[in-house]
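Data first, discussion second: the structure below is written as structure tokens.
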Amino acid sequence: MKTLKVALLGAGNVGSQVARILLEDSEVLAARTGARLELVGIAVRNVDAPREYAAPQALYTTDASALVRGADIVIELMGGLEPARTLILEAIEHGATVVTGNKALLAVDGPALYEKADAAGVQLSYEAAVAGAIPILRPITDSLAGDKITRVMGIVNGTTNFILDAMDSTGAEFSDALAEATRLGYAEADPTADIEGHDAAAKGAILASLAFHTRYALEDVHCEGITGVTATDIAAAKDAGYVIKLLAIAEKLDGGVSVRVHPTLLPREHPLGAVRGAFNAVFVEAESAGELMFYGRGAGGSPTASAVMGDVVSAARRLVLGGPGRTDSTIEVLPVLPIDAVSTRYYIHLDAADQPGVLSKISALFAENGVSIESMRQTVHREHNENEGPGSAELRIVTHRAGEAALAATVEAINGLDVINSVTSVLRVEGV
């Protein structure tokens with residue numbers, strides 16, 4: 001039986017579990033691939049550091065470059081941009097198949113790495129870079145290869161979903177829900193990449209690239225985080241039958257593709273609306289297949305290692321059978337569209353004076369900008385009295401589908417009315 005040399009770069013939570021599978025399940029893997037997968041080394045910064053799974057000490061090395069040059073398959077799980085980028089390029093140059101879970105690197109330099117792999121005729125696989133254990137990239141590239149995907153919409157960051165779900169189920173404010181996520185280990189000490197949407201945007205760029213056969217990078221993604229979502233927003237959405245989720249959305253529009261990440265109102269009965277805790281889910285719409293959803297654990301050592309090993313087995317089978325490597329199919333060149341090109345429904349939360357004529361003034365501005373109101377709810381917080389002056393009311397407006405630019409102009413005009421105390425929040429509505 002043929003032997004394939006496997007180099008592992010990184011031995012963190014995911015890397016340790018990949019090493020365990022390669023060593024403990026070697027006979028099973030050989031039967032499935034037709035080749036023995038020999039783990040020849042594990043590149044780490046400190047060979048003596050304690051690890052979740054301890055491989056034989058002789059496998060650990062600090063010389064990642066030498067390890068890469070002698071491997072048939074290189075598994076990169078170091079994270080970050082460097083030295084991961086240099087090592088992946090070195091592996092490609094030496095003809096090795098590369099498996100990576102490095103979403104940050106792929107979002108920034110993916111297009112260049114794909115081109116290098118194509119030119120060298122080697123395979124670059126990255127199932128673990130999006131949604132952890134969920135097998136979503138191979139279904140898009142293989143199972144749906146004969147179909148036309150029109151939209152991909154997903155909860156692809158477990159930390160933000162945990163926070164928003166906690167706010168929805170307990171009424172907690174954002175800061176309290178973040179503190180609980182940190183205590184339980186769902187949020188990093190510095191949660192910026194998660195709560196500002198950058199992690200989800202990186203994954204959105206990868207999903208869009210595969211779904212629409214055009215290479216997109218992080219800079220192509222419109223990104224908004226969840227730090228501005230309040231307990232009041234959550235409660236108002238809940239009262240109206242919605243739930244707020246941070247979604248990565250890639251959709252084909254006239255003239256190109258929109259790729260965006262932002263907090264979104266979803267009907268509570270929508271499949272994505274029921275995704276709880278730190279779980280991930282990706283909702284795919286295709287012309288022939290219709291609606292599909294993929295659900296599972298979006299992070300963690302063992303779940304993510306499962307996705308890595310799926311790529312490893314696939315790559316090993318190709319190396320046994322022969323044939324060129326394959327990354328993605330870039331048969332189209334669809335330009336990325338600005339957020340202004342998007343048309344969707346909106347939820348606007350206003351604090352206004354409770355006095356005659358307020359609703360007519362607001363409605364007139366919507367009409368002037370071509371935005372149609374679907375529903376409007378008013379809650380009076382304080383009645384008018386002679387000592388305190390005019391009362392105040394909370395207005396919750398849901399629009400029909402409208403363009404981003406028209407909605408922005410409407411909100412700006414409303415904000416200028418002397419009867420408006422504040423525009424509390426503006427959120428997009430999907431799934432209806």
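Going residue by residue through the stretch 203-226, is there one that turns out to be under 28 Å from Arg396 (Cβ atoms), open to solvent by 10 Å² or more (accessible area, probe 1.4 Å), out of contact with any helix residue (DSSP H, G or I) (no Cβ under 8 Å at 6 or more places or on another chain) and touching a residue at least 60 places away in the same chain (Cβ under 8 Å)? Checked against the condition, which is being under 28 Å from Arg396 (Cβ atoms), open to solvent by 10 Å² or more (accessible area, probe 1.4 Å), out of contact with any helix residue (DSSP H, G or I) (no Cβ under 8 Å at 6 or more places or on another chain) and touching a residue at least 60 places away in the same chain (Cβ under 8 Å), the stretch 203-226 yields no hits at all. Quick check on the stretch 246-258. Is at least one of its residues open to solvent by 30 Å² or more (accessible area, probe 1.4 Å), modelled with pLDDT of 90 or more and not in a loop (DSSP other than H, G, I, E, B)? There is at least one residue in the stretch 246-258 that is open to solvent by 30 Å² or more (accessible area, probe 1.4 Å), modelled with pLDDT of 90 or more and not in a loop (DSSP other than H, G, I, E, B).
Among the residues making up the stretch 9-65, those that are of a type in the set (S, T, N, Q) and surrounded by fewer than 21 Cβ atoms within 10 Å (Cβ to Cβ) are Asn13, Ser26, Asn46, Gln57, Thr61, Thr62, Ser65.
Taking Ala172 as the residue in question, decide whether it is over 19 Å from Val284 (Cβ atoms) and outside any helix (DSSP H, G or I). Against the criterion (over 19 Å from Val284 (Cβ atoms) and outside any helix (DSSP H, G or I)), Ala172 qualifies. Looking across the stretch 319-338, the residues that are at pLDDT 85 or above and buried (at least 16 other Cβ atoms within 10 Å of the Cβ) come down to Leu319, Val336, Leu337.
Tell me, which residue of the stretch 136-146 that is over 17 Å from the mean Cα position of the chain (by Cα) and open to solvent by 30 Å² or more (accessible area, probe 1.4 Å) is farthest from Leu247 (Cα to Cα)?
Gly146
Within the stretch 125-149, if we keep just the residues that are modelled with pLDDT of 90 or more and of a type in the set (Ser, Thr, Tyr), the residue that is nearest to Glu115 (Cα to Cα) turns out to be Ser125. In the stretch 162-187, the residues that are touching a residue at least 12 places away in the same chain (Cβ under 8 Å) and within 17 Å of Ala299 (Cα to Cα) form Cβ pairs under 7 Å with partners that are surrounded by fewer than 20 Cβ atoms within 10 Å (Cβ to Cβ) and of a type in the set (Gly, Ala, Ser), at six or more places apart or across chains, as follows: Phe162/Gly277; Asp165/Gly277. Among the residues of the stretch 150-163, those that are crowded, with 24+ Cβ neighbours inside 10 Å and either modelled with pLDDT under 90 or of a type outside the set (S, T, N, Q) (or both) comprise Val152, Met153, Gly154, Ile155, Val156, Gly158, Ile163. Against the test of being in contact with a strand residue (DSSP E or B) (Cβ under 6 Å, 6 or more places away or on another chain), open to solvent by 30 Å² or more (accessible area, probe 1.4 Å) and either among the acidic types (Asp, Glu) or not in a strand (DSSP E or B) (or both), the options Val426, Val432, Val371, Val380 yield a single qualifying residue, Val432.
Of all residues in the stretch 164-185, none satisfies the criterion of being under 30 Å from Gly256 (Cβ atoms) and open to solvent by 20 Å² or more (accessible area, probe 1.4 Å). Taken together, the criteria place Val282 among residues that are part of a strand (DSSP E or B), closer than 30 Å to Glu52 by Cβ and either open to solvent by less than 10 Å² (accessible area, probe 1.4 Å) or of a type outside the set (Val, Ile, Thr) (or both).
The values are calculated or read from the model by the stated rules, or taken from the named source; none is laboratory data. Computed from a predicted model, the values in this text were never measured in an experiment. Quick reminder, even Gly has a Cβ in these numbers, built from the backbone with ideal geometry, and neighbours come from all protein chains shown. Heads up: the accessible areas ignore ligands, DNA and RNA and are worked out on the full protein's heavy atoms, side chains in. Shrake-Rupley method; radii C 1.70, N 1.55, O 1.52, S 1.80 Å.
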